[in-house]
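The values are calculated or read from the model by the stated rules, or taken from the named source; none is laboratory data. Since the model is a prediction, treat every value here as computed from it, not as a measurement. Here the Cβ positions follow ideal geometry from the backbone for every residue, glycine too, while neighbour counts run over all protein chains shown.
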Amino acid sequence: MRRELSRAAFQKACGLFPGGVNSPVRAFKSVGGDPFVVASGSGARLRDLDGNEYIDYVLSWGPLALGHAHPEVRAAVNAALDRGWSYGALCEGELRLAERVRALVPTMEMMRFVSSGTEAVMGALRLARAATGRDLIVKCDGGYHGHSDGLLVSAGSGLATLGVSSSAGVPAAVAATSVVIPINDAAALERAFANHPGRIAAFILEPVVGNVGLIPPDPGYLEAVRGLCTRHGALLVFDEVLCGFRVALGGAQALYQVKPDITVLGKVIGGGFPVGAYGGARTLMERIAPLGPVYQAGTLSGNPVAMAAGLKTLEILEQGAFARALASAEELERGLCGLLEKNSVSACVQRVGTILTLFFCQGPVRNYADAARADRERYARLHRRMLEAGVYLPPSQFEAAFVSSAHGAGEIAITLEALARSLAAL
Ligand code: KE4
């Protein structure tokens, strides 16, 4: 593929942005080569500056459950734009999206819209600390909950240990407010409560992990951590920014029938526009300013255009688009597993709903330590081959692939043909 125009634009970007990107994972660091520069997106496809087309399984890292530039979402956005596009005051679009979200996620009896998943997690954890009067937050090794200081920590040695920052610039005292444990290990959570009695405000997890690649909860795990949090007076926070509306229309809490105290959403509820949300029982949310003492604010929170895009996206998902995306994801998984078997490749496919990951290691991958065994170099080689074949997989073994309702039988067939050639060559 010719990429002269992308290369020139990326070189210019490297003089403007750190690493040439506005979010690190876009830099292709773990798969090598320079990223292409996008000219446009339509349906399941992206087109780069040199005119190359790619079937897109990144989909803006999850938000585009309907694919790019969906015409009905565009019409809703245009109608909103005609009314002006930022008020800094309540508008009906906020009410309509909130009512739709609450209908799909009933545990969010009351909620607050913000402009990113990171902000929503920050609000949720500040609320949890205020509601419990406790300081420590438990998170899972490999869990990603946005880039706020306290959560940029990964496990230190041992299991229920005090976090050791994995980013420069995070004060040790802040990193130490996080306790890191492996996912899918309820005993580790029990040990965390035993090691820090009366000090843990909340346990935050991705109920279906997407940020290590796709890792489903073990049977009974979510019920076990629900029980432990209740018993120890800590709040259970489901970070469904990534898995919400992608593993099921009501999110992981609907799929597994486990109720968190606070839910965090993002991505899909903005339909590609900046929206995050956190919510829970009214008695809990009434602690948030201006009603209560927990301050949280945002200039563009509840942006009317973003509300319109999110609402239309959820409506179309409910009208059958989610079911179509799910059918395509199942077809892709079936075909991929067949190819792995045919080529005797040491790899496994893990999928929940419309999110899946091909790990280059024997399965099951149940936690971060398992995922770390995957052959990242082999994944990088596959990624490059697939890109040349016009299929854009997530540029990291540790990022999940997303399927939209715009990925029809044709796109899945083209993807599987490209996979057959790439895996055979690997
Ligand atoms: P944002 O602040 O990026 O909107 O959301 C943070 C976040 C919170 N919680 C979960 C479970 C998430 O997956 C994310 C963001 N996900 C990453 C990719 N896995 C976004 C891509 C990026 O960082 O550029």
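Below, the figures for the structure above:
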read-out	value
Flag for residue 281 being touching an Asp or Glu at 6+ places or on another chain (Cβ under 6 Å) and away from the ligand (no atom under 16 Å from the Cβ)	yes
Residue, nearest to the ligand (Cβ to nearest atom), within the range 107-117, restricted to residues that are among the hydrophobic types (A, V, I, L, M, F, W, C) and surrounded by 20 or more Cβ atoms within 10 Å (Cβ to Cβ)	114
Close pairs (9 angstrom Cβ cut-off, 6 or more residues apart or separate chains): under 14 Å from residue 244 (Cβ atoms) and assigned by TED's automatic domain parsing to the domain that holds residue 152 in the range 107-127, among the aromatic types (Phe, Trp, Tyr) and away from the ligand (no atom under 12 Å from the Cβ) anywhere	120/113
Number of the condition not met by residue 290 [criteria: (1) free of Cβ contacts under 8 Å to residues at least 40 places away in the same chain; (2) surrounded by 16 or more Cβ atoms within 10 Å (Cβ to Cβ)]	(2)
Among the residues listed as 95, 90, 104, the single one being modelled with pLDDT of 95 or more and either surrounded by 16 or more Cβ atoms within 10 Å (Cβ to Cβ) or touching a helix residue (DSSP H, G or I) at 6+ places or on another chain (Cβ under 6 Å) (or both)	104
Count of residues meeting criterion [in a loop (DSSP other than H, G, I, E, B) and of a type outside the set (A, V, I, L, M, F, W, C)] in the range 345-380	10
Residue 103 vs. criteria without any contact (Cβ under 8 Å) to a residue 12 or more places away in the chain and outside any strand (DSSP E or B)	yes
Residue that is nearest to residue 209 (Cα to Cα), among those in the range 337-376 that are of a type in the set (S, T, N, Q) and crowded, with 19+ Cβ neighbours inside 10 Å	367
The one condition in (1) of a type in the set (A, V, I, L, M, F, W, C); (2) crowded, with 19+ Cβ neighbours inside 10 Å; (3) touching a residue at least 40 places away in the same chain (Cβ under 8 Å) that residue 10 fails to fulfil	(3)
Residue 72, sole failed condition from (1) within 16 Å of the ligand (Cβ to nearest atom); (2) touching a residue at least 40 places away in the same chain (Cβ under 8 Å); (3) over 24 Å from residue 385 (Cα atoms)	(1)
Index of the failed condition, residue 311 passing every other in (1) in contact with a helix residue (DSSP H, G or I) (Cβ under 8 Å, 6 or more places away or on another chain); (2) assigned to a loop (DSSP other than H, G, I, E, B); (3) of a type in the set (A, V, I, L, M, F, W, C)	(2)
Residue check for residue 120: within 19 Å of the chain's Cα centre (by Cα), within 16 Å of the ligand (Cβ to nearest atom) and not β-branched (Val, Ile, Thr)	yes
Spans of helices (runs of 4 or more DSSP H) in the range 116-233 with at least 2 residues under 17 Å from residue 264 (Cβ atoms)	117-132, 221-231
Residue match in the range 107-128 (condition: over 21 Å from residue 248 (Cα atoms) and among the acidic types (Asp, Glu))	yes
Set 383, 407: member being under 28 Å from residue 69 (Cβ atoms), in a helix (DSSP H, G or I) and either among the hydroxyl-bearing types (Ser, Thr, Tyr) or in contact (Cβ under 8 Å) with a residue 24 or more places away in the chain (or both)	383
Matching residues in the range 193-211 - criterion: being within 16 Å of the ligand (Cβ to nearest atom) and within 20 Å of residue 261 (Cβ to Cβ)	202, 203, 204, 205, 206, 207, 208, 209
Test for residue 214: is it without any contact (Cβ under 8 Å) to a residue 60 or more places away in the chain and within 16 Å of the ligand (Cβ to nearest atom)	no
Qualifying residues in the range 235-271 (those that are part of a helix (DSSP H, G or I) and closer than 19 Å to residue 144 by Cα) - the one farthest from the ligand (Cβ to nearest atom)	253
Residue satisfying all of: in the range 13-26; among the small types (Gly, Ala, Ser) and in contact with a Phe, Trp or Tyr (Cβ under 9 Å, 6 or more places away or on another chain); farthest from the ligand (Cβ to nearest atom) among these	20
